[in-house]
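The next block holds one structure in the form of structure tokens; read it before the comments.
Where a number appears in this text, it was derived from the coordinates with a stated rule and is not lab data. Keep in mind the model is a prediction, meaning the values are calculated, not measured. Cβ: placed from backbone, ideal geometry, glycine included. Neighbour counts: every protein chain shown.
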Amino acid sequence: MTVTDVIGGDARPALVERLERAIELTAQELRREFLNLIRPFELSLTQVSVLFVLRERNEATRISELSEATLTPASSMTHAIERLVQRGLIERRDDANDRRASLVSLTPDGIDVVTQIQHPHRQHFMERCESLEESELALLVKLFERFTL
């Protein structure tokens, strides 16, 4: 029995619609879980995104680059940066190569907060994947990698 037999007619549109809905629901659920995880830190999603990008880059980064990397408008990014500086999670300094620009980097406290968020987040994701066989997980990874390229 084929997918076409089960769904009837041309299966592709129905499957694409189901895939789109499944991705939307998965994204919503993962976002909800992540927001619950970061709630005790009293950080916005934008602020956490900034911390994660800085951790990933592991070097001082221009605010404009952070804005691009997090898909955040410059005005919102300026506010997020200011709050993170006030909390001592990042430090800002002038860019020696461009007096109009600022560079920001994680402080030791910022690194600690990222670690406190990433570890339980990764652990929770691992738990969600426990029900998948290794072959299913490998196929899912392969399909998502192919889907995003």
May I ask for the angle, rounded to the nearest 10°, between helix 11-38 and the longest principal axis of the chain, with both axes built from Cα atoms and the value confined to 0 to 90°?
40 degrees
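If each residue's Cβ is checked for other Cβ atoms within 10 Å, how do Val141, Val114, Val50 rank with the fewest at the top?
Numbers: Val141 10, Val114 18, Val50 29.
So the residues, fewest neighbours to most, are Val141, Val114, Val50.
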Tell me the angle of helix 74-86 to the major Cα principal axis of the chain, expressed in degrees between 0 and 90 and rounded to the nearest ten.
60 degrees
Add +1 for every Lys or Arg and -1 for every Asp or Glu among the other residues with Cβ under 13 Å from the Cβ of Arg31, and state the total.
-1
Reported label for calculated Kirkwood radius over Cα pairs in Å given [x] 15.6; [y] 19.0; [z] 18.2:
[z]
